[in-house]
Every structure is written in C-alpha cells, then in structure tokens.
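Participant: There's a structure below that I have some questions on.
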Amino acid sequence: MNPSTRNEDEGKLIFNEDEIRRSLSRIAHEILERNADPGELVLVGIYSRGVPIAQRLAEKISALEHVTIPVGQLDITRHRDDLRLRGAERQPRTTTLPTDITNKTVILVDDVLYTGRTARAALDALVEYGRPRKVQLVVLIDRGHRELPIRADYVGKNIPTSQLEQVHVRLAEHDGYDAVLLSQKGSSQT
C-alpha cells in the first residue's frame, strides 16, 4: 500500500519513507566509523521488523565497503520475561546465524526501543550461539520509557511518546510501504 493512500485510522505519520532511508544510510556510516574492520561485523535482526532493517543496513554497508556483511535472524521468544503478561502463546521462529559469532562484533537490530526488555531478551538469546567480542544495538525508533538500563548505540530517530501512545513501524517487506506511525493505544492498529 502506498503511504499516501493509507487509512488515517492507522495513526499520524511521523517518519516517512525518505526519512527512514536517510536514517539507515546515516546509521550505516556511523557503524563503519565506530568499527574499523567491517569484515568482523555480523548484523542480527530481531524478529520481525528488525530482520529487514538489518538486511537493508548490510546492503548499505556492503555497497560502501565492497564486503559482504552476514545477516542473521534472532528469535527471542523463549527469553522474554513478559510472555505470561501478554496472554497469547507466541510461536517460536527459527534463529539463523550465517556464521560463528564468537569474537565478532554483533550488531543487534530492532525497529523500536521502548522498555528495553526485547533488547535484554535478545542478549540472552544471542549468547546461546557464541561469545561475541562486542555487541552493539541499532534501533530505527527510540521512544523512551526504559524499564531496564539499556540504550541503543545507533538510533534512526528519537520520538518522545506518552505511555498512552503506540509506535508502529511499517516496512515494505512486511506491509508494502515504509512509514512510522503514532497512534493512541486501543486504536484499530495492529
């Protein structure tokens, strides 16, 4: 769906396709500035929208440095501390890491950083597959309201929100278009 034809019930557009593209380009450059050897990088997307963001970043870094950046997919279901609170049973997905992460710089990638609990669960899940030399965190949106002492190393955009609001990342790979929307909790948004 084209974002210009989206239903207004989806929420207020706060980050458009061009802004997302520019933010990911900036983050790719920042990653290269902070990591001298791109050959030691492994990007790992957290299901679900962290995965295409990680793939996009790897493509941008590869284009800049002419090196293939491995991209993995991480399922954190078993490591979440809020499964009972959510009520619904979540189906685990397959974690796929394309290379051994031991002694590599692993860059975890997620769409939204909120309480920090997803990032904590991702760290727990990651160490089951090896001991990275360093772990860094990329998020497209940091909305605040941390419950754990976690911060992102790379942020596309900081969006101050209230606890009564929800941030919805839409990506072409999942939704047919790129946008970040802000809505009130309880709206028809999924």
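The values are calculated or read from the model by the stated rules, or taken from the named source; none is laboratory data. All of these numbers come straight from a predicted model, not from anything done at the bench. Using ideal geometry, Cβ is built from the backbone for each residue, glycine included, and neighbour counts are taken over all protein chains shown. These accessible areas exclude ligands, DNA and RNA; they are computed on the full protein's heavy atoms, side chains included. Shrake-Rupley method; radii C 1.70, N 1.55, O 1.52, S 1.80 Å.
Participant: Taking Cα pairs under 8 Å and at least six residues apart, what relative contact order does the chain come out at, in percent?
Facilitator: 26
Participant: Can I ask one more? Grab the Cα-Cα distance for Ser48 and Ala36, subtract it from 0.36 nm times how many residues apart they are, and report the gain in nm with one decimal.
Facilitator: Extra length available between Ser48 and Ala36 comes to 1.4 nm.
Participant: What does the charge dipole of the chain about its Cα centre add up to, to the nearest 20 debye, if the Cβ of each Lys and Arg holds +1 and the Cβ of each Asp and Glu holds -1?
Facilitator: Dipole of the chain, to the nearest 20 debye: 440 debye.
Participant: Farthest toward the dipole's positive end in region 21-176, which of His66, Leu97, Ile107, given Cβ charges of +1 (Lys, Arg) and -1 (Asp, Glu) about the Cα centre?
Facilitator: Ile107
Participant: Can I ask one more? Using a 1.4 Å probe on the protein chains only, how many percent of the accessible area of the chain belongs to carbon and sulfur?
Facilitator: Details: 4590 of 9820 Å².
Reported share for carbon and sulfur atoms: 47 percent.
Participant: Tell me, how many Å apart are the Cα centres for region 125-152 and for region 156-170?
Facilitator: 18
Participant: Mean-square fluctuation check for the chain, GNM, Cα pairs under 10 Å: which of Arg34, Arg117, Arg93 is largest?
Facilitator: Arg34
Participant: Could you name the lysines whose alpha carbon sits less than 27 Å from that of Lys185, not counting residues in the same chain fewer than 8 places away?
Facilitator: Once the sequence-local lysines are set aside, what remains near Lys185 is Lys12, Lys157.
Participant: Continuing with this model, one more query. Take the Cα coordinates of the chain, assign each an equal point scatterer, and use the Debye formula without solvent to give log10 I(q)/I(0) at q = 0.11, 0.16, 0.17, 0.19 Å⁻¹.
Facilitator: -0.48, -1.04, -1.17, -1.43
Participant: Still on this structure, I have one more. Grab the Cα-Cα distance for Glu59 and Lys134, subtract it from 0.36 nm times how many residues apart they are, and report the gain in nm with one decimal.
Facilitator: 24.9 nm
Participant: Using the basic label-point model (7 angstrom from Cα toward the beta carbon), what is the Glu173 to Arg93 distance in nanometres?
Facilitator: Computed distance between label sites Glu173 and Arg93 equals 0.8 nm.
Participant: Probe radius 1.4 Å, ligands and nucleic acids left out: which of Tyr129, Tyr154 has the largest accessible area, and how do the rest follow? Could you put the intermediate results ahead of the total?
Facilitator: Details: Tyr129 95, Tyr154 0 Å².
In descending accessible area the options line up as Tyr129, Tyr154.
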